[in-house]
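Everything on this sheet refers to the single structure shown next.
The values are calculated or read from the model by the stated rules, or taken from the named source; none is laboratory data. Just so we're clear, the structure is a prediction, and the values are computed from it rather than from any experiment. We place every Cβ from the backbone using ideal geometry, glycine too, and count neighbours over all the protein chains shown. These accessible areas exclude ligands, DNA and RNA; they are computed on the full protein's heavy atoms, side chains included. Shrake-Rupley method; radii C 1.70, N 1.55, O 1.52, S 1.80 Å.
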Amino acid sequence: MTPSDVLARYDSEMRQDPPLEPGIRIERVGGIVRAVGRFNCILYSHLSPESAEAAINEQKTHFREAGADVEWKVYAHDPPPDLGARLGAAEFTADDSETLMAFDLANALKVGAILSDVTIKRIDD
């Protein structure tokens, strides 16, 4: 698999059609997939430069009118390329950056020096 294949699969399985969680419903509005319920999160967006501003304002208005906080997950490959800056201009506040890591479990993990502040765990659920 190429990195693009991994991102496409992640987007498909975890962002566009995420596993259901108790107390959460998935809503699809235009190029937006959002989780709503015990937490509110825009999981996925696929916006054009022309549609981004309206979509951002629609989501901002929707959650403000609902009296709910919302987190908008932005990945580096999400279009448009300036989505993070557009969200900042719309008064969304960025959290610390996170990193998505994937490893093909069909391959053995290469043993080598591991930094003292790094923990490697196999997560099955």
Handout entry: Cβ-Cβ under 8 Å pairs, at least 6 apart or on other chains, the stretch 101-125 side farther than 23 Å from LEU7 by Cβ, far side open to solvent by 90 Å² or more (accessible area, probe 1.4 Å) and at pLDDT 75 or above
Key = ILE114/ILE120
Practice task
List the number of the failed condition for ALA54; all other conditions in (1) part of a helix (DSSP H, G or I); (2) surrounded by 14 or more Cβ atoms within 10 Å (Cβ to Cβ); (3) of a type in the set (A, V, I, L, M, F, W, C) hold.
Solution key: (2)
Handout entry: For ALA85: the one exception among (1) out of contact with any helix residue (DSSP H, G or I) (no Cβ under 7 Å at 6 or more places or on another chain); (2) open to solvent by 70 Å² or more (accessible area, probe 1.4 Å); (3) under 23 Å from GLY31 (Cα atoms); (4) part of a loop (DSSP other than H, G, I, E, B)
Key = (4)
Exercise for the section: Could you look through the stretch 1-48, keep only residues that are hydroxyl-bearing (Ser, Thr, Tyr) and either out of contact with any strand residue (DSSP E or B) (no Cβ under 8 Å at 6 or more places or on another chain) or exposed (fewer than 14 other Cβ atoms within 10 Å of the Cβ) (or both), and pick out the one that is farthest from GLU65 (Cα to Cα)? Expected result: THR2
